[in-house]
Every structure is written in structure tokens, then in C-alpha cells.
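Here's the structure we're looking at; comments come further down.
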Amino acid sequence: MVALSNSLSTTGRVLLVDDSPIALEAIGSRLMESGLDVAMTSSPREALGLATEGPLLFDLLILDVIMPEMNGHELTRHLRGHARTVNTPILLLTSLDSTDDRVKGLVAGADDFFTKTAPDAEMLARVRSFISLGKMRAHLQAQHEAMARVMREPEAPTPPQARVEIIHHMPVMGERLARALRGSPLGGEFQLTQRASSQRMTSSDADLLIVSYPVALEGEHPLLKRFGFDEESPAILVVDEVESTMRRVAAFDAGADDYLTLHTPMAELAARMGSAMRRQRRQRQLRTSRDRAMLVAVTDPLTGLYNRAYFHEALGVEFRRAQRYKHPMSLVILDLDHFKQVNDTLGHTAGDQALREVSVRLRQTARSTDVVARHGGEEFAMILPETDLEHGLIAAERFRAAVDGTVVKGARGGSRAITISAGVGCYPAHASSVTDLIELTDAALYSAKRQGRNRVCAVSHSTEPFSMSASAAPTPASIMERLRRLVSDDVESPLSATRIAARMLHDASAPGDSLHALTSQLHASSEDVRRELLSLMDELSRNLLETTRRDSH
């Protein structure tokens, strides 16, 4: 039978398993009163089904050790063997205070234990600590699974050696802890560093920090204030000289992973260290997977640069920052010259190689604060924070020079030198919105194309976006003229050309010059004009389709 609380102010979901109805009711009530959502069962087998296959996901599992159907150690091993509960924190509940019993539980995969007679404050502090851990693990696991579906790559191997740092104020403490480490499941597989103070310590590469209570929670700069509850921090074990319920609660509330005393038996000390290390390593693997997943989501697979979606998000953020702090910022949009000819004469493999070579040179030339992205097809874009027009032009010229003369070779012979053309726009000199900045910089790029390519052009007073002006009503003739120029001059950039064509048609449907009116004019035009317009649009569409298909591979 399962009982579930009706708490509306839930701070976590707990599954409590105990074959004693009295203990189940007593402990369950204490947990519910603290605002937790608690499912309770007296059957270990039912608990196993609920945790691994039931409709609810639990943040914490609390298991009685001594049960007739299946003891807590055995149930823990089953739970750790299931993908759904492999990372769920497990606390063992016991009426015994046996070192052997505790060690068995930790070795089976439990995170900790507490006795049924433990003070409420201590029990609830431990429960809160592990619920926070459970939620963080569940979040990381979800991101890890999402990454696995996207990448289908094996996980990075676990480092062969654990990194352990002991920070203490007593030599005897350091010696005892070092002996316990050598007797832990880690064996000799660890690098040990000892220090007497953490005063200047703001980060650590260690997997496990073992710190004395005064270092962790006392003094002007207690270590747990700097590291507690930080998902990037190491596992932290607090070691005290004497047992104190008040100090134990304070340690857990501050974010400690465990609390021990110098009088803790050596076997238990070793088992707890091993348990903390296993938890930390798994969390670190999940964080690494999450970070890789995030990188995949914003990275262009061919070049390794940021992708178009990330670029536009970053541009919006940087533009707002420039407005807020009244700083200039520059945008550079560049395009490979005659890229279609590279594909046509050397093949698409050479075209891909050209894109990769250009991306490497752009990344090497850019500052660490610049955002370099593949905007689509053979077009790249760079966001230059806190950069005025003069320095934006200097940067764009560096990009152009870095690429100039790069040679790509075809698989069947032949080669071509690669050059780029670039447009530079600046806020606030040229535009007051992100959209205007992009359009004007795009127009500057095509000015560079029209002036002979392999050059940099800035937005100027004469620069106009490739859109129909409000004062000039769109006509079939004006649209035809612009489309001819797009196809004849810039056929190697179908993505940008098609975007401009779409913008032209969008502008043509503005109030006063509706698309319906434009369509009527086109129908009234000669058959030759209509045929050429359809042919031009068809060529733009084919070029865009070819580019999109190539990028998808």
C-alpha cells in the first residue's frame, strides 16, 4: 500500500520504505510537516516498481535496512542497477548503530544513512541536502540524455586518478585522513595535496575536498561560503574533532556533502570517502555531457564556429549592452568570393575545405571577446564588442588579409585561391536597431562585391539596404533590375541573395503598395518580362536549395 501526502508547498518528492507501520507513519509525518511530498510503502518490491517504473520521479529514496522481503542493501543494489534511479540519492534508515552495517550500505551504493532516533533537525538537514543533490543530478541527467540523442558519441573516459585535497588545522587530522584514503575503494588511485589554510582559495580542481570544521564554517572566510551548493565545486567532506548535532546540521545546511568525526571508525571513513568520490565523478561526467550538448546546439558542424541562431541571439545581447553602457560595437559580414565557381570546378569537398580554412583563419585573427559565426552558406559574421567604426574597419581588413591567397585543391587536381569581401557597420554611427545594422552591413558587403571583391567596405551615407524605399513605388521594372543584379553579380551567395529578394517582395507589400497591386502590374506586363522574372526567381531558389542541401550534410 502506498500513501502520498497532499502537500501543496512541495520542496521535493521522497519515497519512504519501511516494513514497520509505526516507523513509516512517524518518519513520514515529520517529512510531510516540513513541506515534502512523501510516498510511503512497507513493501520493498513495491518500492522498486514505484521508483523504476512508476509515474512519479523521486528526488530522494529513504530505505529501511532491515526488512524481511528484501533488505535495504539489496534494494539499494537493485536501484543502482536501473537507469532511472542510478543517480537518485539514497539514504538508509536503521535502528542499529553498527559500523559494519553502515559500511555495507555505502558499498552497496547508498549515499548516507541516519538512525530512526536521529534528532529532527539533523534528519531534515540531511534530507534537504540530498534533495538538492537529487534535483541537480536529475537536471544534469536529462541534459546528458538529450546530448546523447544528438551526438551519439561515447562518454569521455573517467580520469585514472582521483584528485583529493585535505585542508586541516591539525597534523594528526591530515595523517589519519590520508591513511583512510589509502584504505578506501580508491586504493592508491588518487593524488593527495595537504594544506593548512584555505584563506586565498577561490576554486579547486580537486574531485574531493576534505576539510576540518573550523576551515569549513568558521573564521572570516569559511570555505563552505565559497564552495557550498555550487554545482562546479568538488565534493566536500567536513571532519570535526567531536560529534555535535548542531555542528552537523550547520555543515549540511551550508552545503557539505558529508560530516564525519576523527572518531569515526577507519573502515567507515574509507567507505564514506569512496561514496562521495563516486557521486562527484558521476556528477562531473553529467556536467561535461551537458556542456557538450550546449556546445552542439550553438555550433556549426562543418566549421566549428557558432551557428546562425547563436549569432543572432548574441548580436541582440551585445547590441542591448552597447545601448545600455553607451559603448560602440561593430558588425562585420563577409562572404567568400566566387564560391560557386569553387564548387563547380573543384567539387563540393573542396568547397567545404575552403569554408573550414576560412573559419580557422577568422578564429585565429579574432579577439577572444569577438563572436565569430557562420551566418549561412559561404557567409560569415563577426560581432566586435566595444569597437568603433575605425577599429572595426581595421579588424575587417585583418580578416580579409588573413584569408587572402588561401589555396584549396580539388580531389582530381586543380586549385583556386580564396578571397573574401566584407562589409562593416557600426552602432551607433550607422544604425539604431539590430535589423537596420544587419541590413546596412549586408549592403556594405555587396558594395564591396560590386567594387571588385577582395576588399572591405563600410556603411556610408550612400549605402542603402537592398529593399524598396518608401518613396519609390515598386514596379516590375525596378524589381527586375535588382533581381538581375543579384543573380548576375552575386550568384555565389544564394543565401544572402534570396534573403534580399524576399525582403524586396516583403517591402513591396507595404501599405499603399500592396502585393495585390504589384501582382496586377506584373500580370499587365509583357510575357517576356513575366518569363524573365520567374526565371530569375527560379535560379535564386535553385541556388538556395543547393546550398541548404550541402550545409545539411
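Residue-level check: of (1) loosely packed, with under 14 Cβ neighbours inside 10 Å; (2) under 18 Å from Pro301 (Cβ atoms); (3) of a type in the set (Val, Ile, Thr), Thr369 misses just (2).
The set of residues in the stretch 416-445 that are β-branched (Val, Ile, Thr) and farther than 15 Å from Glu318 by Cβ comprises Ile418, Thr419, Ile420, Val424. Take Ala251 and tell me if it is outside the structural domain of Ala373 (by TED's automatic domain parsing), buried (at least 20 other Cβ atoms within 10 Å of the Cβ), part of a helix (DSSP H, G or I) and modelled with pLDDT of 85 or more. Yes; evaluated as a whole, the condition is true for this residue. The single condition among (1) in contact with a strand residue (DSSP E or B) (Cβ under 6 Å, 6 or more places away or on another chain); (2) at pLDDT 75 or above that His168 does not meet is (2). Scan the stretch 292-310 for residues that are in a helix (DSSP H, G or I) and in contact with a Leu (Cβ under 9 Å, 6 or more places away or on another chain) and jot them down. Residues satisfying the conditions do not exist here. Has the stretch 326-348 got at least one residue that is in the same structural domain as Val372 (by TED's automatic domain parsing), under 26 Å from the mean Cα position of the chain (by Cα) and in a loop (DSSP other than H, G, I, E, B)? For the stretch 326-348, residues in the same structural domain as Val372 (by TED's automatic domain parsing), under 26 Å from the mean Cα position of the chain (by Cα) and in a loop (DSSP other than H, G, I, E, B): absent. Based on this model, can you work out whether Ile383 counts as out of contact with any Cys (no Cβ under 8 Å at 6 or more places or on another chain), closer than 20 Å to Asp442 by Cβ and of a type outside the set (S, T, N, Q)? Yes: the conditions hold for Ile383.
Pairing each residue of the stretch 393-406 that is surrounded by 13 or more Cβ atoms within 10 Å (Cβ to Cβ) with any residue that is assigned to a helix (DSSP H, G or I), provided the two are 6+ apart or on different chains, yields C-beta distances under 6 Å for Arg398/Thr365; Phe399/Leu362; Phe399/Thr365; Ala402/Arg361; Ala402/Thr365; Val403/Val358; Val403/Arg361; Thr406/Glu357. Looking at this structure, is Phe380 buried (at least 22 other Cβ atoms within 10 Å of the Cβ), assigned by TED's automatic domain parsing to the domain that holds Pro428, at pLDDT 90 or above and part of a helix (DSSP H, G or I)? Against the criterion (buried (at least 22 other Cβ atoms within 10 Å of the Cβ), assigned by TED's automatic domain parsing to the domain that holds Pro428, at pLDDT 90 or above and part of a helix (DSSP H, G or I)), Phe380 does not qualify.
One residue stands out in the stretch 52-68 among those that are under 23 Å from Arg128 (Cβ atoms) and over 29 Å from the mean Cα position of the chain (by Cα): the one that is surrounded by the fewest Cβ atoms within 10 Å (Cβ to Cβ), namely Val65. Consider the stretch 275-307 and keep the residues that are under 20 Å from Glu357 (Cβ atoms) and of a type outside the set (Ser, Thr, Tyr). The one that is surrounded by the fewest Cβ atoms within 10 Å (Cβ to Cβ) is Pro301.
The values are calculated or read from the model by the stated rules, or taken from the named source; none is laboratory data. Values in this document were obtained by computation on a predicted structure and should not be read as measured data. Positions of Cβ are generated from backbone atoms using ideal geometry, with glycine treated the same way; all protein chains shown enter the neighbour counts.
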